[in-house]
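**Q** Here it is, the structure, as structure tokens.
The values are calculated or read from the model by the stated rules, or taken from the named source; none is laboratory data. Given the structure is predicted, the values throughout are model-derived calculations rather than measurements. Because the Cβ atoms are built from the backbone with ideal geometry, glycine has one as well, and the counts that use them run over all protein chains shown. When the accessible area is computed, the model is the full protein with side chains, heavy atoms only, and any ligands, DNA or RNA have been set aside. Shrake-Rupley method; radii C 1.70, N 1.55, O 1.52, S 1.80 Å.
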Amino acid sequence: MFRTLSLSASALSLLLVLGLNSGCQRVPQANSASGRGAAFWLTTTDKTSLFQNQAAQPWSDAQPTGAVIDIDEKQTFQPIDGFGYCLTGGSAELLHRMGTTERKALLQELFGTDGNHIGVSYLRLSIGASDLDAQVFSYDDLPAGQTDPQLTKFSLAPDEPHLIPVLKEILAINPKIKILGSPWSPPTWMKTNGESKGGSLKPEFYDAYARYFVKYVQGMKAKGVRIDAITVQNEPLHPGNNPSLLMLAEQQAEFVKKNLGPAFQQAKLDTKIIVYDHNCDKPEYPLTILNDPEAKKYVDGSAFHMYAGQIDALGKVHDAHPDKNVYFTEQWVGSKSKFAENLPWHVRTLIIGATRNWSRTVLEWNLAADPQQNPHTPGGCTECRGALTLDGNNVTREDAYYIIAHASKFARPGSVRIGSTLPDKLPNVAFKAPMATRCW
């Protein structure tokens, strides 16, 4: 079925996410002859409107006068898993230090779906520390010179003060939220340089590291947190962060097919294995792994960031292996960048561009930071602006909050991308809501 929307490219230059949701709560029906219409939520680059619900407009039978987008509900693409953020350890710490009442209200705003709540539906966690934790840690840290190949000292204790309590509060609001785990570094005793920054995984510890992932997934499940998917390594070609690890494509393929995949299979885990998790300029990295049939059989798909390259790399990897999924898992907002530039770029390139290139997710980087962009590890990111700036109980909603809100509230998990034409200067994407949420 085709629907035609007549839009003004100049007036709606930022209203680029178009939904066919007819759900009662999300898109109010207008008083048109057919009893149906379109409403929208508007954010403008000058901040005169920040995610504000606009009055519903009835469908019109008049001849279109503006740019025309034809929407074809019968042309379907990938389902959507969700839109959200990376819940870094630092983000969790800032949230957990808020007052109970204030945190409860903020989490409801983020993860609830009614009223003005934005309905965040996907989170990414670090397995061990990311560079936006207050300090570096793994789940099996030992004094220099010691090893623990049987993982007898494995413990999720570093996540218990802040991350796990915040996750449990989030899960109480949205028990179905999907969670992705990504490691920045293995324990240092597994690495060639014995340090948190850089180095590679020693081949003799491939098996132990695979079991480290298994223990993580099982341990989080025991604490009431289901890990839907993991990536093998955050930014495997960027060993200059703290923590970090260099893992070449051939090494990742070897680890997946001989260690990680069999370990998950033996433990009967249904957690997905996702490869790459780095920039769009190296699609040959995930293709190297997916072209290896012994590795591919364990892999659900590939994950991407957008600090280099072009977003159509996702589509190229999908086209080469259409039986495997693609995900967009990270993009930062720099503390020195401008809202008027960030909003259109992120919406056009990620919310629209990534999903039009088959991505099931779009995740912005850190959910929260303080006014000085803390906490972070020594050598970690000093300019990563959170979707929220938290100064005690004071909350400032930043660029990434609004970027994600325009997708997460309307393209709910289970929505399916459908066909839509691309008029000049009017990028767009269309989703069809799950049948269970439709209201005719």
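**Q** Quick one: what pairs do we get from the stretch 235-254, first residue farther than 16 Å from Ala129 by Cβ, second open to solvent by 60 Å² or more (accessible area, probe 1.4 Å), C-beta under 7 Å, 6+ apart or different chains?
**A** Leu237/Lys282
**Q** It is to be established whether one or more residues within the stretch 221-228 are within 20 Å of Glu330 (Cβ to Cβ), charged (D, E, K, R) and either touching a Phe, Trp or Tyr at 6+ places or on another chain (Cβ under 9 Å) or in contact (Cβ under 8 Å) with a residue 12 or more places away in the chain (or both).
**A** yes
**Q** Quick one: is Gly194 within 30 Å of Thr113 (Cα to Cα), part of a loop (DSSP other than H, G, I, E, B) and open to solvent by 10 Å² or more (accessible area, probe 1.4 Å)?
**A** No.
**Q** So, in the stretch 354-395, of the ones that are of a type in the set (S, T, N, Q) and touching a Cys at 6+ places or on another chain (Cβ under 9 Å), which residue ends up least open to solvent (accessible area, probe 1.4 Å)?
**A** Asn366
**Q** Further question on the same structure: Between Leu50, Leu95, Leu15, which is of a type in the set (A, V, I, L, M), crowded, with 18+ Cβ neighbours inside 10 Å and modelled with pLDDT of 50 or more?
**A** Selected residue: Leu95, the only one of Leu50, Leu95, Leu15 that is of a type in the set (A, V, I, L, M), crowded, with 18+ Cβ neighbours inside 10 Å and modelled with pLDDT of 50 or more.
**Q** Being open to solvent by 30 Å² or more (accessible area, probe 1.4 Å) and farther than 20 Å from Leu363 by Cβ: is that true of Asp323 here? Break it down into steps so the answer makes sense when it comes.
**A** Values: open to solvent by 30 Å² or more (accessible area, probe 1.4 Å): yes; farther than 20 Å from Leu363 by Cβ: yes.
For Asp323, the condition - open to solvent by 30 Å² or more (accessible area, probe 1.4 Å) and farther than 20 Å from Leu363 by Cβ - is met.
**Q** In this structure, does Pro378 turn out to be assigned to a loop (DSSP other than H, G, I, E, B), more than 14 Å from the chain's Cα centre (by Cα), at pLDDT below 95 and not polar (S, T, N, Q)?
**A** no
**Q** Hey, can you tell me all the residues within the stretch 396-419 that are of a type in the set (S, T, N, Q) and surrounded by 21 or more Cβ atoms within 10 Å (Cβ to Cβ)?
**A** Ser408, Ser415
**Q** Further, regarding this structure: Can you tell me which residue within the stretch 332-353, out of those that are open to solvent by less than 10 Å² (accessible area, probe 1.4 Å) and in contact with a strand residue (DSSP E or B) (Cβ under 6 Å, 6 or more places away or on another chain), is nearest to Thr382 (Cα to Cα)?
**A** Taking the candidates together, the pick is Leu350.
**Q** Still on this structure: Which condition number does Arg124 fail, the rest of (1) over 18 Å from Asp399 (Cα atoms); (2) buried (at least 16 other Cβ atoms within 10 Å of the Cβ); (3) out of contact with any Cys (no Cβ under 7 Å at 6 or more places or on another chain) being met?
**A** (3)
**Q** Okay, next question. Among the candidates Ala308, Ala340, Ala303, single out the residue that is assigned to a strand (DSSP E or B), out of contact with any helix residue (DSSP H, G or I) (no Cβ under 8 Å at 6 or more places or on another chain) and touching a residue at least 60 places away in the same chain (Cβ under 8 Å).
**A** Sole residue among the options that is assigned to a strand (DSSP E or B), out of contact with any helix residue (DSSP H, G or I) (no Cβ under 8 Å at 6 or more places or on another chain) and touching a residue at least 60 places away in the same chain (Cβ under 8 Å): Ala303.
**Q** Taking the stretch 140-164, which residues are buried (at least 16 other Cβ atoms within 10 Å of the Cβ) and part of a helix (DSSP H, G or I)?
**A** Pro158, Asp159, Leu163, Ile164
**Q** Checking the condition within 26 Å of Gly380 (Cα to Cα), of a type outside the set (Val, Ile, Thr) and in contact with a Leu (Cβ under 9 Å, 6 or more places away or on another chain), which residue from Leu95, Leu142, Leu106 passes?
**A** Leu95
**Q** Does any residue in the stretch 256-280 that is surrounded by fewer than 19 Cβ atoms within 10 Å (Cβ to Cβ) come within less than 7 Å, Cβ to Cβ, of a residue that is among the β-branched types (Val, Ile, Thr) six or more places away or on a different chain, and which pairs are these?
**A** Here the result reads Ala267/Val214; Leu269/Val214; Leu269/Val217, each pair linking the stretch 256-280 to a residue that is among the β-branched types (Val, Ile, Thr).
**Q** Go through the residues of the stretch 171-187 one by one and say whether even a single one is surrounded by fewer than 20 Cβ atoms within 10 Å (Cβ to Cβ), over 23 Å from Tyr85 (Cα atoms), in contact (Cβ under 8 Å) with a residue 24 or more places away in the chain and not acidic (Asp, Glu).
**A** Scanning the stretch 171-187, I find no residue that is surrounded by fewer than 20 Cβ atoms within 10 Å (Cβ to Cβ), over 23 Å from Tyr85 (Cα atoms), in contact (Cβ under 8 Å) with a residue 24 or more places away in the chain and not acidic (Asp, Glu), so the answer is no.
**Q** For the stretch 109-124, does any single residue satisfy the condition of being more than 17 Å from the chain's Cα centre (by Cα), in a helix (DSSP H, G or I) and either without any contact (Cβ under 8 Å) to a residue 12 or more places away in the chain or within 24 Å of Gly380 (Cβ to Cβ) (or both)?
**A** Yes; the residues of the stretch 109-124 include at least one that is more than 17 Å from the chain's Cα centre (by Cα), in a helix (DSSP H, G or I) and either without any contact (Cβ under 8 Å) to a residue 12 or more places away in the chain or within 24 Å of Gly380 (Cβ to Cβ) (or both).
**Q** Moving on to the next point. Across the stretch 357-389, what is the total count of residues that are over 16 Å from Ala400 (Cβ atoms) and in contact with a helix residue (DSSP H, G or I) (Cβ under 8 Å, 6 or more places away or on another chain)?
**A** Here the count works out to 6.
**Q** When you check Ala134 against the structure, is it part of a loop (DSSP other than H, G, I, E, B), of a type in the set (A, V, I, L, M, F, W, C), modelled with pLDDT of 95 or more and crowded, with 24+ Cβ neighbours inside 10 Å, yes or no?
**A** Details: part of a loop (DSSP other than H, G, I, E, B): yes; of a type in the set (A, V, I, L, M, F, W, C): yes; modelled with pLDDT of 95 or more: yes; crowded, with 24+ Cβ neighbours inside 10 Å: no.
Against the criterion (part of a loop (DSSP other than H, G, I, E, B), of a type in the set (A, V, I, L, M, F, W, C), modelled with pLDDT of 95 or more and crowded, with 24+ Cβ neighbours inside 10 Å), Ala134 does not qualify.
**Q** State which residue is most open to solvent (accessible area, probe 1.4 Å) when the search covers only the stretch 235-255 and only residues that are charged (D, E, K, R) and in a helix (DSSP H, G or I).
**A** Once the filter is applied, the top-ranked residue is Glu250.
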